[in-house]
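Below: one structure, written as structure tokens.
The values are calculated or read from the model by the stated rules, or taken from the named source; none is laboratory data. Worth saying up front: this structure is predicted, and the values here are computed from it rather than measured. Positions of Cβ are generated from backbone atoms using ideal geometry, with glycine treated the same way; all protein chains shown enter the neighbour counts.
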Amino acid sequence: MKVAFVVPRYGAEVRGGAETGARMLAEHLVADRGAAVEVFTTCARDALTWDNELAEGTVTERGVVVHRVASAAGRQTSFHPLSALLLADPARVPEDQARQWLDWQGPLAPALVDAVAASDADVIAFYPYLYYPTVRGLPRVRDRAIMHPAAHEEPALHLPIFRHLFEMCRGFVFHSASERRLVESLFGVATTPQVTIGLGVDEVDGDAAAAAPFLDEKSPYLVCIGRVDDKKGTGVLWRYFETYKARHRAPLKLVLVGQVVDAPAPSDHLVVTGVVDDATKWALLRGARALVAPSPVESFSLQVIEAMTAGTPVLVNATCGPTREHCERSGAGLWFGGFAEFDAALERLVTDDALHAAMAGNGRGYVDANYRWPVVLDRYCNFLEAWGPRQGKGVP
């Protein structure tokens with residue numbers, strides 16, 4: 001079986017939930033199952049600009065054949081004003097304006113779509129739903145196409161162009177049961193072939209020394225990993241944390257790890273690391289009292305699963321279905337819907353050593369049962385093998 005992934009950006013240097021998930025899955029299909037895998041992507045590195053930064057052409061990265069095709073345009077300067085206008089009431093947006101929104105969002109990549117259409121892959125997997133390569137590419141290869149939507153509740157999901165996309169798709173791969181329920185409820189696709197696979201974990205060695213440059217050796221800390229962006233909840237988080245610190249005398253810091261879009265106010269209680277390597281990330285996870293995942297908009301949250309793998313309890317936003325689902329199913333985390341719940345939950349995680357130890361064990365057990373790569377790959381490969389003949393493609 002030959003599988004092609006279509007993603008807007010790709011590579012070890014690319015940091016992003018959907019893009020990282022696609023790369024990990026592609027690499028493990030090659031390394032663990034001997035599958036023939038290729039990737040079609042743009043030359044972009046940055047999801048805020050979609051500029052062509054990487055070299056165009058075909059290379060092999062960790063066994064995966066990667067075709068990078070330059071985009072005709074990145075994100076247009078007019079995109080944000082248009083987006084604010086249209087997403088105020090997305091369900092009523094005319095089709096032509098929604099398509100303009102898509103083109104201006106970037107990456108505008110018609111040559112990439114042409115390359116995808118010319119692929120001889122048995123299965124072409126589009127990942128995620130939101131961008132031009134999926135919306136324009138999937139209809140061109142519909143009989144061979146499945147979609148990994150990486151969907152969460154957000155205004156863009158209600159634009160009419162996405163209803164058409166989901167209705168024509170003949171197979172779905174979801175990260176979580178919460179994502180699956182959302183897509184089924186919005187688009188009526190419960191009878192379309194589909195599977196929920198999650199993502200596997202690539203655990204990396206990283207001891208305390210790797211994190212030492214960012215930390216006071218004796219100060220306990222919380223860690224938040226992902227884009228430091230108010231839209232991802234970090235603005236609420238650091239403000240809640242400052243209020244918590246004003247109410248409690250415990251020596252505790254908050255470490256924010258990732259690309260900084262919206263910087264927090266300077267504070268002795270906050271550490272902002274920027275982007276770090278994997279060894280440092282895992283060192284920070286293993287040493288943290290808890291991981292806080294404040295984002296209300298995730299389709300899975302690999303950071304939550306990585307924290308559980310490291311034996312670190314988690315505290316998540318109660319409005320985010322997938323991360324709350326992880327906590328409810330695992331017994332390895334708590335959730336908050338406002339400051340009072342944040343304050344109470346954090347105090348328990350900081351002061352209750354028995355609870356902390358129980359959650360650490362629960363989290364590791366949850367990951368072992370659900371998100372180790374052999375388990376994830378079995379789900380995915382079984383789905384592809386059943387899906388191919390159903391579509392008349394004769395996939396072995």
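Observations on the structure shown:
- When L302, L291 are screened for being in the same structural domain as E347 (by TED's automatic domain parsing), over 14 Å from R227 (Cβ atoms) and either touching a Gly at 6+ places or on another chain (Cβ under 8 Å) or at pLDDT 95 or above (or both), only L291 passes.
- Test: A70 is in contact with a strand residue (DSSP E or B) (Cβ under 6 Å, 6 or more places away or on another chain) and either surrounded by fewer than 17 Cβ atoms within 10 Å (Cβ to Cβ) or at pLDDT below 95 (or both): yes
- Test: residue in the stretch 171-184 that is assigned by TED's automatic domain parsing to the domain that holds R144, farther than 22 Å from C320 by Cβ and at pLDDT 90 or above: yes
- Listed by position, the strands (runs of 3 or more DSSP E) enclosed by the stretch 19-87 include none that has at least 3 residues that are closer than 20 Å to A98 by Cβ and not assigned by TED's automatic domain parsing to the domain that holds Q105.
- Residue check, G106 modelled with pLDDT under 95, crowded, with 20+ Cβ neighbours inside 10 Å, under 22 Å from the mean Cα position of the chain (by Cα) and not polar (S, T, N, Q): no
- One residue from V304, V316 being closer than 26 Å to P155 by Cα, aliphatic (A, V, I, L, M) and part of a helix (DSSP H, G or I): V304
- Taken over the stretch 116-160, the criterion of being surrounded by fewer than 16 Cβ atoms within 10 Å (Cβ to Cβ) and of a type in the set (A, V, I, L, M) is satisfied by A117, A118.
- The single condition among (1) surrounded by fewer than 23 Cβ atoms within 10 Å (Cβ to Cβ); (2) without any contact (Cβ under 8 Å) to a residue 40 or more places away in the chain that R15 does not meet is (2).
- Filtering the stretch 289-301 for residues that are charged (D, E, K, R) and under 18 Å from E347 (Cβ atoms) leaves a non-empty set.
- Residue check for T323: within 20 Å of the chain's Cα centre (by Cα), modelled with pLDDT of 95 or more, among the polar types (S, T, N, Q) and in a helix (DSSP H, G or I): yes
- Test for L186: is it closer than 30 Å to R364 by Cα and either hydrophobic (A, V, I, L, M, F, W, C) or exposed (fewer than 14 other Cβ atoms within 10 Å of the Cβ) (or both): no
- Put simply, of T41, T49 the only residue that is farther than 19 Å from D122 by Cα and either modelled with pLDDT of 95 or more or not aliphatic (A, V, I, L, M) (or both) is T49.
- Considering residues of the stretch 1-18 that are assigned to a loop (DSSP other than H, G, I, E, B) and charged (D, E, K, R) only, the residue modelled with the lowest pLDDT: R15
- Whichever residue in the stretch 232-249 is surrounded by 13 or more Cβ atoms within 10 Å (Cβ to Cβ) and of a type in the set (G, A, S) and, among such residues, is nearest to T323 (Cα to Cα): G233
- Flag if F241 is at pLDDT 95 or above and either outside the structural domain of R23 (by TED's automatic domain parsing) or of a type in the set (D, E, K, R) (or both): yes
- Single residue of the stretch 88-100 satisfying the filter (touching a residue at least 60 places away in the same chain (Cβ under 8 Å) and assigned to a helix (DSSP H, G or I)) that is surrounded by the most Cβ atoms within 10 Å (Cβ to Cβ): A98
- Any hit, the stretch 337-348, residues being aliphatic (A, V, I, L, M), at pLDDT below 95 and over 23 Å from R23 (Cβ atoms): no
- Scanning the stretch 34-60 for residues that are closer than 22 Å to D114 by Cα, surrounded by fewer than 18 Cβ atoms within 10 Å (Cβ to Cβ) and not aliphatic (A, V, I, L, M) yields R45, D51, E53, E56, G57, T58, T60.
- The stretch 202-289 holds helices (runs of 4 or more DSSP H) entirely within its bounds, and those carrying 1 or more residues that are in contact with a Pro (Cβ under 8 Å, 6 or more places away or on another chain) map to 234-247.
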